[in-house]
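A.B. asks: Sharing a structure below in structure tokens format, with a few things to ask.
Derivation of every value follows stated rules applied to the coordinates shown; laboratory data play no part. All figures in this text were calculated on a predicted structure; none of them were measured in a lab. Positions of Cβ are backbone-derived with ideal geometry, glycine not excepted, and every protein chain shown enters the neighbour counts.
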Amino acid sequence: MKTVCISLVALIVLFFFANLVYGSVNIPIAQVIDVLSGKEIERTAWMNIILQSRLPQAVTALLAGAALAVCGLMLQTLFQNPLAGPSILGISDGANLGVALVMLYFGGSLDGYAWWAPGGSMSVIIAAFGGALMILSVIVYFSTRVKSNVLVLIIGMMIGYLTSSAISILNSIAPAESLRSFVMWGMGSFSGVSLNQLPVFSAVVVLGLVLSILLIKPLNLLLLGARYAANLGVNINRTRILIFLCTGLLTAIVTAFCGPISFIGLAVPHVARLALGTSNQTFLLPATLLTGSAVALLCNLMTILPFDRGLLPLNAVTPLLGAPVIIYVIVSRRNSNYFN
């Protein structure tokens with residue numbers, strides 16, 4: 001565990017610094033170090049690129065990756081299913097629908113407004129959180145009526161299709177300018193958080209991550225089964241609600257600012273679990289958090305095309321890393337003791 005965590009921290013530091021150095025504009029490493037150390041450099045443009053663009057983007061990737069990975073781990077533990085995650089259960093789709101309503105119908109935007117103003121980024125965040133909670137409420141309801149976790153996942157997928165249909169209807173009647181903004185947002189990007197918005201984004205994500213750490217003990221007991229956990233004093237209903245609120249909060253804030261990012265929440269918990277060889281949440285949750293940050297920073301680097309050829313959408317890169325992991329898990333982990 002110690003070796004894995006040290007390795008992950010080293011990778012995070014390496015990828016974080018690489019995100020500050022590597023980009024469409026070539027900036028010498030020495031100049032990046034000078035800017036980070038607070039020194040003035042001759043080219044003001046380079047300083048603005050590092051402090052106003054690359055640094056917020058790297059911090060956003062670090063926090064968003066951790067948030068999505070922890071969401072996936074908690075939902076996989078709760079449902080005892082390796083394919084559970086914010087996108088599979090429709091939570092991300094609910095957040096997407098909320099953002100679509102604000103952006104396409106009410107003219108909301110993450111740019112051009114003060115974050116607290118009507119139509120500003122706060123309205124987008126509230127809409128994303130409300131949409132995510134709406135889907136979570138439906139999932140909680142059906143989880144009390146349907147005993148099979150597989151059926152709950154199928155219901156979540158069907159709800160995702162319904163929300164996608166609603167978004168398609170909104171797309172068909174939206175103005176061209178709003179539609180373009182929504183489509184660009186839907187491709188995913190860690191560049192959606194400005195330096196001014198970064199404190200709000202960071203505070204909400206850190207709050208959700210702290211709540212997830214406080215849930216480590218009940219998550220460990222849930223691995224033994226709901227009945228056994230209840231006999232040990234765990235309030236199952238309250239724990240479920242807290243898990244759903246935590247995952248809903250983290251999914252909403254990341255989705256609002258970064259778009260619907262695929263595969264990180266689904267694949268990263270498996271990478272951490274395979275690396276540690278254990279499902280003990282005391283070790284697995286921190287390792288998943290660190291792995292999510294490292295993977296997100298790596299994906300952000302992979303979006304930058306060499307030789308100044310532009311940027312790839314984030315959701316064009318994440319499946320390249322996530323899909324092989326899921327295929328491996330399905331093929332090689334077919335026994336029922338995967339979470340033990």
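A.B. asks: Would you pull out the residues with amide H under 5 Å of SER87's amide H, same chain only if 5 or more places away, H placed 1.01 Å from N?
C.D. replies: Counting only residues 5 or more places away or on other chains, the set is SER92.
A.B. asks: Measuring from the lowest to the highest alpha carbon on each principal axis, how far does the chain reach, largest first, in angstroms?
C.D. replies: 66, 53, 34
A.B. asks: Stretched out fully, how many nm does the piece from ALA226 to SER37 gain, at 0.36 nm a residue minus the Cα gap?
C.D. replies: Length gained, ALA226 through SER37: 62.9 nm.
A.B. asks: May I pose another question? Please give the contour-minus-distance gain from ALA166 to ALA203: 0.36 nm per residue of separation, less the Cα-Cα distance, rounded to one decimal in nm.
C.D. replies: Here the answer is 10.2 nm.
A.B. asks: Of SER172, SER87, SER262, which is the most mobile in a GNM of the chain whose springs link Cα atoms less than 10 angstrom apart?
C.D. replies: Among SER172, SER87, SER262, the largest mean-square fluctuation in the Gaussian network model of the chain belongs to SER172.
A.B. asks: Mean residue ellipticity at 222 nm from the helices of the chain, using -39,500 (n - 2.57) per DSSP H segment of n ≥ 4 over the full residue count, to the nearest 500 deg cm²/dmol?
C.D. replies: My calculation for the chain gives -22500 deg cm²/dmol from helical runs alone.
A.B. asks: Using R₀ = 45 Å, calculate the FRET efficiency as 1/(1 + (r/R₀)^6) where r is the Cβ-Cβ separation of SER24 and LYS217; round to 0.05.
C.D. replies: That gives a FRET efficiency of 0.45.
A.B. asks: Arrange the peptides 36-45, 72-81, 289-298 so that the one whose residues have, on average, the most other Cβ atoms within 10 Å appears first.
C.D. replies: In descending order of packing, they fall as 289-298, 72-81, 36-45.
A.B. asks: Measure nothing but the geometry: give the 0 to 90° angle between the long axis through the Cα atoms of 91-100 and the longest principal axis through the Cα atoms of the chain, rounded to 10°.
C.D. replies: Orientation of helix 91-100: about 40 degrees from the principal axis.
A.B. asks: Could you tell me how many degrees, from 0 to 90 and to the nearest 10, lie between the Cα long axis of helix 318-332 and the main elongation axis, the longest principal axis, of the Cα atoms of the chain?
C.D. replies: Here the helix axis deviates by roughly 20 degrees.
A.B. asks: A further question follows. What angle, in degrees between 0 and 90 and rounded to the nearest 10, separates the Cα long axis of helix 281-302 from the longest principal axis of the Cα atoms of the chain?
C.D. replies: Taking the Cα atoms of the chain, the angle to 281-302 is about 40 degrees.
A.B. asks: At 0.36 nm per residue, minus the direct Cα-Cα distance, what do ALA323 and ALA45 gain on full extension? Give it in nm, one decimal, please.
C.D. replies: 96.2 nm
A.B. asks: Say each of TYR141 and THR3 gets a label point 7 Å from the Cα, pointing the same way as Cα to Cβ; how far apart are those two points in nm?
C.D. replies: Between TYR141 and THR3, the simple spin-label model gives 5.1 nm.
A.B. asks: Describe numerically, in nm with one decimal, the distance between label points set 7 Å from Cα along Cα→Cβ at LEU312 and at VAL183.
C.D. replies: Here the answer is 2.1 nm between the modelled labels.
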